[in-house]
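Worksheet: one structure, shown below.
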Amino acid sequence: MGFDLADLVKSRAGEGSQLWSRYLNPQTSKVLHSVGLDRQWVRAQGPYLWDDQGDRYLDWLAGFGVFGLGRNHPVVARALHQVLDAELADMVKMDTPLLAGLLGEALVARVPHLDRVYLCNSGTEAVEAALKFARYYTGRPRVLYCGHAYHGLTAGALSVNGGKAFKAGFGPLLPASEIPFGDIAALEKAAAKGDVAALIVEPVQGKGVQVAPPGYLAAAAGVLHANKALLICDEVQAGMGRTGRMFSFEHDAVEPDIITVAKTLSGGYVPVAATMTREDIFGSVYSSMTRVLVHDTTYSHNNMAAAAGLAALSVIDDEGLLANAAARGDELRRSLERSAARFDFIKDVRGRGLMVGIEFGAPGSLRLKGRYSPLSALRKGLFTQMVVCRLFSEHRVLTQTAADHMDVLKLLPPLATTSEDIGWFMSGFEAVMGEIQASSRPVWQFAKGLASRSLARSSHA
Ligand code: PMP
């Protein structure tokens, strides 16, 4: 018999890590092993993952935010089965496929002040398009970005990345300048130089989970427009319902000129992303028939991607996920604030909707400070990595460190998360905090082990 995926998976089960070590990025297996996060995942449903031992885990990493709808959502799965069964004529390229058109219509219906959609395959590609559109429309080269920004890792997106470690050795990149997040005076100064095409900004930064100060985005738009430059809001992580609104810029009275969308739009199945903008900007780029392909990519209008996007948008509406993200987010933050009063290491609880950050810092007690400070001096984020590891190994909750410049634990529960799962997380979290606060020797020894292996680095999202 010819190729059979089920047979292949059965006959090679358990070889994933070995194959990665040999053929893909070998550092991945090493890192996961060192921090004790290496499992063979065999099944997933909604917010849960199961390993090959049959143990169930709560997934609040959500694939760096891809699983806003949870995993293996039946409505998205059905739509994808329907595409396969229909044997559609996909990617003819000399065509105007219906499903891509419908996805454009569905996206524009959700952002009334924007008119046009460019479809692509990943967040970083959506950012590339946004940067190119802004540069072409304004005829200017420079893009401004915020400290600790993350917009992806392809060369254009990397130019506006706030993390130096990502950039080192890959230059020279596009002309770009960093300004502090939330600082209007710095924006005014930079924009006044006259060579600025746009500011690109995450309304809630993924790194460190920093929320834009109230009024910042509206004021930034004012400054940019006065200087003939554009505002790009990167909604790749915070968009599609994560903050309790469809897009995170909606918390501010602002109409960005361009937005980028990805992650949850995929329904957790097929890579799909979008750059949305106004007619005048889009029309300047695609200004004639000869420029029809001036910015494009082969897979951009494929039917599986468009079907996943359409199904994902419909699930957000049909299941009332915006309201749930807002309500459960408030519930989670309130529970965490109660914890903060009990545990000295918790310095701040912040975020919007179901994008939540817990910042840790040096406690008041001399005894505990004596343990925290050397750890934090070795490497920022190490304390958080210890919390991530303990939550995972002792309580089967998957989370992530959110920064390498401060100690922040990031929580990205699926948008349909329940009070019961918040209870699961909180009991695990409080147990870990209690164990650390009690200063029990094994947990700090574990942290020292991590430090010596020097592996506590934040994830890329
Ligand atoms: N922008 C933001 C705000 C992101 O969080 C990410 C991914 N974490 C990206 C862009 C890049 O998206 P992708 O990984 O799909 O290229």
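Observations on the model:
- Relative to the Cα centre, the charge distribution of region 70-187, modelled as +1 at Lys and Arg Cβ and -1 at Asp and Glu Cβ, gives a dipole magnitude of about 440 debye.
- Ranking 41, 77, 120 by Cα position along the charge dipole of region 1-130, where only Lys, Arg, Asp and Glu carry charges on their C-beta atoms, puts 41 farthest toward the positive end.
- Where Rh is the Kirkwood radius over Cα pairs, Rg/Rh for region 11-158: 1.03
- Computed magnitude of the charge dipole of region 142-271 (debye, nearest 20; Cβ of K, R +1, Cβ of D, E -1): 340
- Span-rule helices in the chain, defined as complete DSSP H runs reaching 20 Å or more along the axis (Cα) with Kyte mean at least 0.0: 303-318, 419-437
- Residues within the reach of a label modelled at residue 177 (point 7 angstrom out along Cα to beta-carbon, backbone nitrogen below 18 Å), restricted to region 94-137, are 135.
- Expressed to the nearest 5 percent, the antiparallel share of DSSP beta bridges inside the chain is 65 percent.
- Residue order, fewest to most surrounding Cβ atoms within 10 angstrom, among 317, 252: 317, 252
- Shape of region 74-318, Cα gyration tensor, a/c cut at 1.5: prolate
- Between the alpha-carbon centres of region 117-153 and region 331-395 there is a gap of 33 Å.
- Assigned charges on the beta-carbon of Lys, Arg, Asp, Glu; region 74-318 dipole about Cα centre (debye): 760
- Unsatisfied cross-links (Cα-Cα over 20 Å) in the set 30/207; 207/263; 132/207: 30/207; 132/207
- Positive-end extreme of charge dipole, region 325-461 - chosen from 378, 433, 405 (charges on Cβ): 378
- Structure-based [θ]222 nm, the chain - -39500 (n - 2.57) summed over DSSP H runs of at least 4, per residue, nearest 500: -13500 deg cm²/dmol
- Between the C-alpha center of region 10-51 and that of region 234-263 there is a gap of 32 Å.
- Ordering 396, 333, 78 from the fewest to the most neighbouring beta carbons within 10 Å gives 78, 396, 333.
- Alpha carbon Rg of the chain, scaled by the compact-globule rule 2.2 N^0.38 Å: 1.00
- Note on residue 280 and residue 51: their simple-model spin labels are 5.6 nm apart, each label 7 Å out from Cα toward Cβ.
- Per residue, the convex hull spanned by the Cα atoms of region 189-284 measures out at 119 cubic angstrom.
- Order of 154, 277, 298 - criterion: other Cβ atoms within 10 Å of each residue's Cβ, fewest first: 298, 154, 277
- The value of relative contact order for the chain, using C-alpha pairs under 8 Å at least six residues apart, is 19 percent.
- Globularity ratio of region 296-340, using Cα Rg and 2.2 N^0.38 Å: 1.84
FYI, it's all coordinate maths here, none of it is from the lab. In this text, all values refer to a predicted model and were calculated from it rather than measured experimentally. Glycine also receives a Cβ, built like all others from the backbone with ideal geometry; neighbour counts cover every protein chain displayed.
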